[in-house]
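Report on the structure given below.
The values are calculated or read from the model by the stated rules, or taken from the named source; none is laboratory data. Just so you know, these numbers come straight off a predicted model, no measurement behind them. Methodologically, a virtual Cβ is constructed for each residue, glycine included, from the backbone with ideal geometry; neighbour enumeration extends over all protein chains shown.
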Amino acid sequence: MRLVLRRVRRTLLAVTLVVAGSSVTAPARGQDGVPAAIPLASGWEFRPDSADRGLRAGWPARMPAGDWQRVAVPHIFDPAAVEAGFGGSVGWYRVRFTAPPARAGFDWELRFEQVRRRARVWLNGREIGRHGDPYVPWALPASGLRPGAVNELVLRVDNRKAKEPREGWWNWGGIVRPVSLAPRGRLVLRDPGLLSQVDCAPGGVSCRAKVLVEGTLENRSDAAIPAPRVRLRLRAPDGGAPAEQTAPTRALQPGETTRVSFSVEVDDAQLWAPGSPKRYAATLTTLAGDVATQVDARKIGLRGVKVRNGLLELNGRQLDVRGAAIQEDLPGRGPALGDADVTRIVRELQAVGANVTRAHYLLNPKLLDALDAAGIMVWSQAPIYHRDRLLETAAQREVALSTLRRTVIAARSHPSVITHSVANELSAVPDAVAGTRRFLAAARAEVKRLDPTLPVSVDLLSYPGYPAAKAYAQYDLLGVNSYFGWYPGKKRHSTARLADLGPYLDRMRRLYPTQAMVLTEFGAESTFEGPALKKETFAFQSDYVARVLEVVRDRPFVGGAIYWTLQEFAVKPDWDGGAKRSVPRDGIHNKGLITYDGRRKPAWSVARKDFAATPLYREVPAAVALNLPTGREGSGGDSLLWAAVTGVLALLALDVWALLGILRSRRREDPVPATDPQY
């Protein structure tokens, strides 16, 4: 009889919650007795608070009735990117859910993949935490959670922003990525990383592969844990027998932490690469003695990304990548992507023939997973964008470094990620800017610590005429953002002529001979039909794309090119695009190969043709073409002589290329009248 009554009560409770518009979450079974994370996707309500009255009115303790909109998370405040909304506003979210029954040895935390910009969080009327970084995932202990009962989660989201930090995209606000309730055992592995450590001989003829496990173990219990362990199990892409290794660590007292770092060798490794994105099923189990307290399961790929002789390599072969960058911004949804949106973005990249993409901030984890599966590489970047003014003090630099850390930790286990870029378009003379110089040194060291398997990069403004910077010379890989032929540049540092791009790249190679280079950003706006001589026409954009890619194709030391961007996106209201046309602007960044509403421009076909015709790997490596050192061994005297001879030959070869570039530019000057004020 009691059992029947309990079932009746549960049924009545479920009906009551559905009528009230709340979500009911059923406990999910996990692996090895560990509860599974529970997504909080439905049952959300949203209420705008443009006058910011909610806190003063005591909403967190007693939410007002009426004026709430039923929404699904991910969600944005306003799907229309209208000028009045760019400065931001305040909005409130709430959701009711049934928490799982209490489980011995476990409690729960709330995980937020991304909230833009700042959030305060209440659970059952009590504030449990705040967060202020709009571009990284974060979590809070679910303090005060009522197991087996109805709980109310409330967020106040504030996306109001000042002029700084500078950003080149629309200021979206809301809970733009998923929220979940995740279990926490008495022993947890924080920030687990499964890193690919692959070393290949030049040409990729033979490779050795390991999986490097990184993380931090924490004893959250009130008793010592004498035998904490971490176990990695790998199943090969072809379904072969699993490989397994368990790493013991020292005993942990209550509240203690210890770093976990061990590697697992993989025999006959099946490597990940574009065109063959093979992935292993990896299960990482955290054990207190023989009891599992955490299980992390994901698909990983084994691939080696190196800079050798100043050239970018994948699995021992020199890369010549082609692709287009993305902004997570679709009409009506902004960055609040659903599964169908992720699929669409990947399909558009595949359709244009891209084998690489790039963004100015950490991509959605579902999108990164999809890029892993599709074999599309990612130039991953922290959103430290034009931020010299916010790097002047130690406290400001720590804010930027914190964003960088969270970005690297979230990206480092994805095989599609081929580099971690620490910043975009900082000062052209960082050695003379103390805060920027210090940030760049600290950022490089931080990335090397968090992920020693990938080259560290930084993306540069392409202004000619500056000397080499020591702050940039410490990096393995340089991203070159070039708008030669589009923006005029600066006085005595002109970028007005596209014909100057080739000589600029040649000089960059001489300034940074041991760094690899990729053209990470180039583009031209287009919105209307017209002649190729007129900026912002479709014909101008098509010609521009073809000519820039020709410059890259002629320089085997450049590791490829990434167009900015695949699809148009909303941008700050005063954006004029660079053509300096006295016409009303639409608030859209019009450099995309695809319009904001999804129509392909003529330049899309130009890019597609070049991408399809360009092999991923250079058949004649630049190390051979330039007579660069290739690791030849010998006596000390022979090595010095070899290095001197090859160095001289390399410089002579580069000088010849520069001379040829100048001659080509004289034969084919930019078709722009000298009197045209637009140029």
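Among the listed residues ARG29, ARG62, ARG70, which satisfies the condition of being among the charged types (D, E, K, R) and either part of a helix (DSSP H, G or I) or at pLDDT 95 or above (or both)?
ARG70
For the stretch 551-589, which residues satisfy the criterion of being farther than 30 Å from TYR617 by Cα, in a loop (DSSP other than H, G, I, E, B) and hydrophobic (A, V, I, L, M, F, W, C)?
VAL571, TRP575, ALA579, VAL583 - these are the residues of the stretch 551-589 that are farther than 30 Å from TYR617 by Cα, in a loop (DSSP other than H, G, I, E, B) and hydrophobic (A, V, I, L, M, F, W, C).
Determine which single condition PRO531 fails, assuming it passes every other condition in (1) free of Cβ contacts under 8 Å to residues at least 12 places away in the same chain; (2) buried (at least 16 other Cβ atoms within 10 Å of the Cβ); (3) not acidic (Asp, Glu).
It fails just one condition, (2).
Between TYR475, TYR504, which is over 26 Å from the mean Cα position of the chain (by Cα) and closer than 18 Å to VAL429 by Cα?
TYR504
State which residue pairs qualify: first residue closer than 13 Å to ASP451 by Cβ and inside the stretch 397-425, second residue assigned to a helix (DSSP H, G or I) and basic (Lys, Arg) in any location, beta carbons under 8 Å apart, and separation of 6 or more residues or different chains.
VAL422/ARG444
When GLY203 is evaluated against the numbered criteria (1) part of a helix (DSSP H, G or I); (2) within 26 Å of the chain's Cα centre (by Cα), which criterion, by number, is the only one it fails?
Against the list (1) part of a helix (DSSP H, G or I); (2) within 26 Å of the chain's Cα centre (by Cα), GLY203 comes up short only on (2).
Give ALA282, ALA236, ALA297 a once-over and let me know the one that is of a type in the set (Gly, Ala, Ser), surrounded by 15 or more Cβ atoms within 10 Å (Cβ to Cβ), in contact (Cβ under 8 Å) with a residue 24 or more places away in the chain and in contact with a Leu (Cβ under 8 Å, 6 or more places away or on another chain).
Exactly one of ALA282, ALA236, ALA297 is of a type in the set (Gly, Ala, Ser), surrounded by 15 or more Cβ atoms within 10 Å (Cβ to Cβ), in contact (Cβ under 8 Å) with a residue 24 or more places away in the chain and in contact with a Leu (Cβ under 8 Å, 6 or more places away or on another chain), namely ALA282.
Residue-by-condition table, conditions (1) farther than 30 Å from GLY332 by Cβ; (2) at pLDDT 95 or above:
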| site | (1), (2) |
| --- | --- |
| THR98 | yes, yes |
| ARG116 | no, yes |
| ARG160 | no, yes |
| VAL179 | no, yes |
| PRO183 | yes, yes |
| CYS200 | yes, yes |
| GLY203 | yes, no |
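Go through (1) surrounded by fewer than 18 Cβ atoms within 10 Å (Cβ to Cβ); (2) at pLDDT 95 or above one by one and return the number of the condition ASN171 breaks.
Condition not satisfied by ASN171: (1).
Please give the number of the condition ALA292 fails out of (1) part of a strand (DSSP E or B); (2) crowded, with 23+ Cβ neighbours inside 10 Å.
Tallying (1) part of a strand (DSSP E or B); (2) crowded, with 23+ Cβ neighbours inside 10 Å, ALA292 fails exactly one: (2).
Restricting attention to the stretch 200-233, and to residues there that are of a type in the set (Asp, Glu) and crowded, with 18+ Cβ neighbours inside 10 Å, which single residue is farthest from ASP451 (Cα to Cα)?
Filtering first and then ranking leaves GLU218.
Testing GLY144 on (1) closer than 30 Å to ARG62 by Cβ; (2) buried (at least 16 other Cβ atoms within 10 Å of the Cβ), one condition comes back false. Which one is that?
(2)
Which one of these is over 25 Å from PRO134 (Cα atoms) and either assigned by TED's automatic domain parsing to the domain that holds PRO35 or touching a helix residue (DSSP H, G or I) at 6+ places or on another chain (Cβ under 8 Å) (or both): PRO242, PRO202?
PRO202
Does ALA400 fit the bill of being out of contact with any His (no Cβ under 8 Å at 6 or more places or on another chain) and either surrounded by 21 or more Cβ atoms within 10 Å (Cβ to Cβ) or of a type in the set (S, T, N, Q) (or both)?
Here the answer is yes, as ALA400 does meet what is asked.
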